[in-house]
1. So which residue, out of A:SER18, A:SER168, A:SER27, gets the largest mean-square fluctuation from a GNM of chain A using Cα contacts under 10 Å as springs?
2. What is the calculated FRET efficiency for B:THR240 to C:ALA154, with r their C-beta to C-beta distance and R₀ = 35 Å, to the nearest 0.05?
3. Counting Lys and Arg as +1 and Asp and Glu as -1, what is the net charge of the other residues whose Cβ lies under 12 Å from the Cβ of B:GLY35?
4. Percent antiparallel among DSSP beta bridges with both residues in segment E:3-243, to the nearest 5?
5. Could you state the angle between the C-alpha long axis of helix C:147-157 and the longest principal axis of the C-alpha atoms of chain C, as a value from 0 to 90 degrees rounded to the nearest 10?
6. Kindly flag which residue pairs out of D:LYS205/E:LYS239; B:LYS182/C:LYS130; C:LYS182/D:LYS239; B:LYS239/F:LYS130; C:LYS130/C:LYS239 have an alpha-carbon separation exceeding 24 Å in this structure.
7. Sequence gap at least 6, Cα distance under 8 Å: using those rules, report the relative contact order of segment E:1-114 to the nearest whole percent.
8. Run the label-point distances for B:SER187 please: 7 Å along Cα to Cβ, every other copy, nanometres, shortest first.
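A short reminder: the numbers here are calculations on the coordinates, not readings from a lab. Since we're looking at a predicted model, the values are computed, not measured. Reconstructed Cβ throughout: ideal geometry from the backbone, glycine too, with neighbour counts over all protein chains shown.
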There are 6 protein chains.
Amino acid sequence: MQLALSTWQEIEAYLEHSTGIIIPIGSTEQHGPNGLIGTDAICPTRISAGIEEQADILIAPTINYGMAQHHMAFAGTVTLRPSTLIQLVTDVITSLQQHGFTHFYFINGHGGNIPPVTTAFCEIYHAAGKSVGPAPRCRLANWWRNDHITALAAELYGDAEGHHATVSEVALSYFAHPEAVKNVSMSPDIAPNGEIYDAADYRLKFPDGRIGSNPALATVADGERFYQLAVDALLADYKTFISGAS
Amino acid sequence: MQLALSTWQEIEAYLEHSTGIIIPIGSTEQHGPNGLIGTDAICPTRISAGIEEQADILIAPTINYGMAQHHMAFAGTVTLRPSTLIQLVTDVITSLQQHGFTHFYFINGHGGNIPPVTTAFCEIYHAAGKSVGPAPRCRLANWWRNDHITALAAELYGDAEGHHATVSEVALSYFAHPEAVKNVSMSPDIAPNGEIYDAADYRLKFPDGRIGSNPALATVADGERFYQLAVDALLADYKTFISGAS
Amino acid sequence: MQLALSTWQEIEAYLEHSTGIIIPIGSTEQHGPNGLIGTDAICPTRISAGIEEQADILIAPTINYGMAQHHMAFAGTVTLRPSTLIQLVTDVITSLQQHGFTHFYFINGHGGNIPPVTTAFCEIYHAAGKSVGPAPRCRLANWWRNDHITALAAELYGDAEGHHATVSEVALSYFAHPEAVKNVSMSPDIAPNGEIYDAADYRLKFPDGRIGSNPALATVADGERFYQLAVDALLADYKTFISGAS
Amino acid sequence: MQLALSTWQEIEAYLEHSTGIIIPIGSTEQHGPNGLIGTDAICPTRISAGIEEQADILIAPTINYGMAQHHMAFAGTVTLRPSTLIQLVTDVITSLQQHGFTHFYFINGHGGNIPPVTTAFCEIYHAAGKSVGPAPRCRLANWWRNDHITALAAELYGDAEGHHATVSEVALSYFAHPEAVKNVSMSPDIAPNGEIYDAADYRLKFPDGRIGSNPALATVADGERFYQLAVDALLADYKTFISGAS
Amino acid sequence: MQLALSTWQEIEAYLEHSTGIIIPIGSTEQHGPNGLIGTDAICPTRISAGIEEQADILIAPTINYGMAQHHMAFAGTVTLRPSTLIQLVTDVITSLQQHGFTHFYFINGHGGNIPPVTTAFCEIYHAAGKSVGPAPRCRLANWWRNDHITALAAELYGDAEGHHATVSEVALSYFAHPEAVKNVSMSPDIAPNGEIYDAADYRLKFPDGRIGSNPALATVADGERFYQLAVDALLADYKTFISGAS
Amino acid sequence: MQLALSTWQEIEAYLEHSTGIIIPIGSTEQHGPNGLIGTDAICPTRISAGIEEQADILIAPTINYGMAQHHMAFAGTVTLRPSTLIQLVTDVITSLQQHGFTHFYFINGHGGNIPPVTTAFCEIYHAAGKSVGPAPRCRLANWWRNDHITALAAELYGDAEGHHATVSEVALSYFAHPEAVKNVSMSPDIAPNGEIYDAADYRLKFPDGRIGSNPALATVADGERFYQLAVDALLADYKTFISGAS
Ligand code: NI
Ligand code: NI
Ligand code: NI
Ligand code: NI
Ligand code: NI
Ligand code: NI
């Protein structure tokens, strides 16, 4: 069930049997020579749609922009300031709380969102501690940080999976948008690894945007496998979350 | 050309022949008994996709959440605080400016976004006045405030077009998502009109969420007509904007 | 009755029979070659004083500074950032709410204030929705956007009324401050019309600050006619507002 | 010369011979049983007008609202949050800096404004230290903290001058607005003295709003004497300030 | 009793007999050729430790950074923006309020902290006025603004005590950290006096950082005398404060 | 070399051979029945002092308060809002940048500080990307997340090391403050493990504040071993950092 395609009366009805919601959150940032700028939003959106096919769970519209300051040396990247993203996530949760939602499950596609989104959770909890009403519960599910996903990526690509513009995320985005598959030659095959400081430092060390990956290996077929794994794993995790079991 | 489906190198190439971009912006809010909560994001997204089919213009990911505080008495509505939306729009423009974009054309689906978005434009202009670099140009195109659109709505529905959950926007959203068409009986046929103060006042005066409209009249076929008109009108307006002619 | 000339005990007494207040809000910005920089504050202040002569309504001190970023290319203009004006209006309303005021009627002299002031109203309503106590009611009355005023301006000046540094506002400010009437020659008689982007763009298109007007036509006598019309129209509107009739 | 009654061209001309400006700043707050709520704005406004009569100095419109949180237990008091006042003062200075003003002389009527206004000065200086352009110079002249004023008050009223709703400020406001003189009996003659914490504590200790004063002694004639002294003292201080001598 | 060296159960026990706490607050800023950059934090920290030796009073960890924008032209100075310090002090008080503390006694070492800290107190009071629960009480005790201290400084050093990098504060910091005593020659013996505007103006007028002082006179022995006086005076003042006697 | 015990001239001299600085950052929060509320500040402070003994590295005053919202259900905990901590860290870095420092090495004692501090780094980098001057380099060294430390803790305590109020941190704080060692009986020996949501949830699941640890095992002697390991490891890491090798 998609919030965007529902009426308010349908949401009222949904709230009678569940107060949980899934909110996909991504980023709009460079993903190397063959990765899509929308990768980090596309993956959570597609995974959420897969979950929706299997269970009566409400899916909110995707937050398409995230915190990507360190990618700003590459054209097309858009970044929110961390403070903006904190406010945005806070406003989304606060609005939904007002209608009776209590469990907020964010499916996240981008590592850079973790500090601001978890910070928003802290603020939500802190504010709730001073109010009456049911205590909110928030979780940030980073789809790629999952034993099933990392095991498959290791099996398929070994060291070529990498750390940004990874093969698995490019594959999943290709599965979601096969019309956007790119054939681009890259050199070296596997991008270098390392730590980054600022955006200029990033560009200097990783001139085509990839970190440690060879996304030329990404295929639609592999993407579907990652997608299925992610749907199953996150649906199970959501059910645990909503049941209050952890 | 969609930003989300491009690589950063493709954006670099685009910037060599154009520094303009279209950014759809909507809201996630109640639209009466048969209108979709995502209506205000769906319409600009679909219109932008139509423009993209006709011209080599870059389309950014949709901003799915807007300023909808006055709709908060209806389940499922999500609102950003005005300050959050101002920051969000400012961050999106500022990021794109850094890559060389100069013309920011927002296609908007929601009246409540107008004060915060135009405020963000003021702040962008004010900041730019103290910097070097090309002066940014911003426009907020409210797709429904258009002579062609209002003429067709008047012709088709007369007084039943209304002011919120209008027939035309519901029709356009149905054209975009025919799988979500709802058959819901409403009473009275045409909702009352009037001014609103706060969210409680809204609900009291307009208990099913509509203002002045009879969206039961909305059809996919009508929606397609509004869509075509909007694509043509906004594409023409974008071209004028980008040419600097006004 | 003026708040500034009252004691706190007199305000306590006033609150026993009315919880409404009028707050004049203006701007400090260029108004062309013969218009006063204080025009937008002077007009609401003078109209409010006229209302006070006719009815037992409390008038707050004038907010003399507004949002005028687009006039900053002309010497003497002072602008608040929109966020500052939003906070300022919010603080004024919030303070008065604490004493029991419920109806806040702003008489505004400047179009650029509309987005921030209505945004402040939204925030006030949103906060009130989460508190107990009587629901606040806010209205922004833009004195020049009034059928009586526009009809008289059309009758007297036709196309020369214009859009900034209009004949009617210059006339009204001359009526309020006849000691400040300026005799300045302008060329062309009627300033050009058009849209503006930023402050530099404004100065480029409208080099003497006027938009579409010939304020050389402004006289004290005309100003008095606009003043009388505005007092009557806004007093009537205030009474409707305070009665809760709309 | 008043900014509000000037044209932008007149300000351009003024800037050729002076880059200094006087900005009256007050508060809208209780001043005991016979003191005017506008006292703290009325006094600086009237003193500034007196200075203007004697010298070619530009006077800005009065900032009518200040920081008065501790007076909020008395009806009619309006307070800005300190952060709002800091932003407001910062915006006024920043705007005027852009036109070439360098010396900002605030004539203040209210002790509670001192921390936020001096804080704004610090921020202005700190920002200027990172920019090019002439260094700004700001001064906050608290009209009542002046040897001439305190000597006259001591001579006329001794201990009855007090600390809030003082005889001298009530007298000066009566001189400015003789139509608003109030005859109110007070008991005790001289209000108690003491320290305050919050607004409730203030009301408890000083139930009619006065601290240590007997403002029943205030007369228009005395007010004129304070006015003359203040005009002379502050004009001299302004000249020293603008000359850079201190 | 030091908060940092206690367990939470010990704090629970303390709260059964007292709801007061002392919070030392300093600054990290230049103090002339022989004064320590930490002087303003060292003095309140040492005085608080002395108080703790004499009475069962809880001492919080020191706030080591303050508002020192005007010292920024000297290496090693660190300044918080005033808004940061206001938030910091507000957060510290608000947290402690939640546990039941009601009396917040800040021992301050730096004049520049006074506006932001007292502003934070105003905000705390204002917020408390809208809540239930015991009213908070805050005091800012500036250790050097004390009749005993100023009398001793006058007796020992006369005019050489000065206004920044004073002999007394350097002496007290030497008593606290005898290992850091510096022997530095200064010229002139007594630094000049005067008012300052911004950081550049400060450095120009007071090239070695001192204002009006000859801190070469500072000794550990004198420092101990100031320390003893400050401990006695502030302990007595704290007792009055906590008793509610003023 | 300690910043607090230096003069500004000594800092100028230091900057001639190094532009790096170490900044200890902690928290003031419950650490179970025998752990000190200051543990997270005490450990980084003591480790920094140890580094200072071995190398000519400048140590800034400790930031004693951190982000501890989830510990607020235990008396004595003080938390900064995340936004406050972000501003605080930003101001400290920005101030030091102005004097020529380029490498900012934070030794951190508290996991809850990681999101806000790394967020501050992002903002610093983003701002620097728009300025001239040397690019800043920031690192957050969490002393307990270190192979040497975790290996020793595993060897000494196995599963009893835990996740909050760990044996290792309590031991290190005891080494730093042997006068504050507490003998407290705890039950069960090893506290439970689990995830937390808000502060109330924390208290419910972990009623004495510990997570997974048995800090009764902590000794001064063990603390010294952790201290020595941390000094060696962080000093080596600092040298790598400052050399630009990673
Ligand atoms: Ni990614
Ligand atoms: Ni709509
Ligand atoms: Ni106007
Ligand atoms: Ni006063
Ligand atoms: Ni000092
Ligand atoms: Ni810890």
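1. Of the options given, A:SER18 has the highest mean-square fluctuation.
2. Details: r = 29 Å, r/R0 = 0.82.
FRET efficiency, B:THR240 to C:ALA154: 0.75.
3. Result for the local shell: -3.
4. 15 percent
5. Rounded to the nearest ten degrees, it is 20.
6. In this structure, B:LYS182/C:LYS130; C:LYS182/D:LYS239; B:LYS239/F:LYS130; C:LYS130/C:LYS239 lie more than 24 Å apart at Cα.
7. 37 percent
8. 6.7, 6.7, 7.3, 7.6, 10.0
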